[in-house]
1. Spin-label point model (7 Å from Cα, Cβ direction): what's the GLN375 to SER36 distance in nm?
2. Accessible area per residue, 1.4 Å probe, Å², for the chain: what's the number?
3. Quick one: if the Förster radius is 51 Å, what FRET efficiency do MET232 and ALA85 give, using the C-beta to C-beta distance and rounding to 0.05?
4. Given the Cα-Cα distance of TRP125 and LEU61 and 0.36 nm per residue of separation, how much length would full extension add, in nm?
5. How large is the dipole of the chain about the Cα centre if only Lys and Arg carry +1 and Asp and Glu carry -1, each at its Cβ, rounded to the nearest 20 debye?
6. Relative to 2.2 N^0.38 Å, what does the C-alpha radius of gyration of region 199-273 come to as a ratio? Two decimals please.
7. Along Cα→Cβ, 7 Å out, is where each label goes; now give me the distance between the ones at THR401 and ASN313 in nm to one decimal.
8. At 1.4 Å probe size, with no ligands or nucleic acids counted, give the accessible surface of GLU159 in Å², nearest ten.
Amino acid sequence: MRCHTLILFLLVCALQVQAQQVLSEAQHIIDTLSSSAMFGRGYVNNGDRKAATYIYNYLTLESTLSSQNVILQKVPISINTFPSAMELRVDDKNMVPGKDFIVEAFSKGIKGTYDVKYVNFKKLWKKDSLHIQIKCKKYELLCFRHNKWPKSLEKKKVEWLMQQNLFGAAGVLELNEKKLTMDASQEVLSFAWIQLLVDSTYKAPKKVKLNIEQEYISNYESQNVFAVIKGMEVPDSFLVFTAHYDHLGMLGKNTYFPGANDNASGVSLLLNLSKEISKNPLKYSVAFIFFTGEEAGLVGSHYFVEHPLIPLNHIKFLVNVDLAGTGDDGIKVVNGAIDTLHFQKLKALNEKYGLMKTVQPRGKAANSDHYFFTQAGVPSFFIYTLGGINAYHDIYDRAATLPLTDYEDYYKLLLLFMKSF
C-alpha cells in the first residue's frame, strides 16, 4: 500500500513538470479544431471529415501510434443542413446569422416576404386548447415571444403547433429575449422556425423578408475515430476514454459554430492523454474513441455500441469527457451518484493531491456519449467542468475566450484515476 502511494506521489510530481506543455498543446488543438477551416465540425463542406482527419493524424504522428492501432469506423447519419443562403431582413434591417437570429435545426428552407401575425399564447390559453382560434394567411409568419408560453406546453410547443398546422402560417418567428442556442437535427419538418434575439421592449416586426436554403442529407457517411494503446500486463482488458468531436457546423456560407468548449476541449484532453500513455503504457490497454454525431442524438456512440471494435464486456471502466474547458467550480460526474465505489475513488484522489475545486456526483442521464455504454452494462462516467463562460451552442464558444481554468489539474486527475486500476 505504501509503495502504491509513493508511486502515485512521484507521478503527481512528474505531472507538475508536464503541466505547461499540456496546457500549451491543448490551446493549439482547440485553436485548430474550432477554427473556420473546420466549418464548425458539421456536415457542410465535410467539416466532420476534416476534424476526423486531424485527430487521426495527431494520433499517428504526435502520439506515435501505429496506423494499425488507429481506425476510422464508418458511421451513417442523416442530417439537416443550411449550406448556403441565410438571409433575414426585419423591417428593412438586415440581420446577422448567429448574432441576431438562428434557424431551428429541423427547419425547411423558406424564401419570400411575409407579414407577421403576433400572438400572446399565455393570454389566449385556456384549459381546452381547442378554444384558441387563430387564422393566418399563406404569407404570414406566426410570431410570439419565447417567454409567453404556458409552462405546460413549453417543451411540446413544436408538436402542438404542428397539430394546429401553425394555424395556416408559412412558418414561425420566435422572439427570444435570453440567448440564441443552436442544435442539430436528423429530421426536417414541413416549415421554417426562426429565432430572433430581441430585448424586452422590442415590439413584433410588421414585415419580414427571408431567403433560407436548407439541404437534407440522407445516409451521409461520417466516422468515429478509434485508437488503442496495448496494456503492459493485461492487454485484453480495456480502460476507455471517449469524447465527441462533432459540433453544429454552418448556418449559411459565412457563419460557423466554433465549438471550442463543446467539445474541442474534450478532444484536446484525450489527445494529450494519448500522447502521455503512448510513452508510458498502463497495466491495461487504453482505448480512445472520438465520436461523430453526438449533437444530432448520440449517433456515433450508439453505432459503436451496436458495432463495437473491442468487446464491451472487456471494458473495465469508461470515462466520457465533454465541456472540459472551464473548471472554476470543479467537475460534475454523471453516474457518480450510482457508481459510488468509483466515484469515491475519484474524489479521494482529487482531495489527496489538491486538484479540482469540487468533484460533484450526479445521477444517470442520457445527455452524452457514455449513455449507451451505461445501458449496455459498461461501468461509465460522464464528466464535465463547471463554472466559467456561458457560451454554449452559439457562435461565442470560441478558443480565444475559453479560460481552461483548471485544465492541468483535470488532466492530472483523469490520468491518476486510470492509473489507479
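1. 4.0 nm
2. With the other protein chains kept in place, the chain gives 44 Å² per residue.
3. 0.35
4. Gain on stretching TRP125 to LEU61: 16.9 nm.
5. It works out to roughly 1240 debye.
6. Rg over 2.2 N^0.38 Å, computed on Cα atoms: 1.87.
7. The two pseudo-label positions are separated by 5.0 nm.
8. 110 Å²
The values are calculated or read from the model by the stated rules, or taken from the named source; none is laboratory data. Just so you know, these numbers come straight off a predicted model, no measurement behind them. We place every Cβ from the backbone using ideal geometry, glycine too, and count neighbours over all the protein chains shown. Protein only, heavy atoms only, side chains kept; ligands, DNA and RNA dropped before computing areas. Shrake-Rupley method; radii C 1.70, N 1.55, O 1.52, S 1.80 Å.
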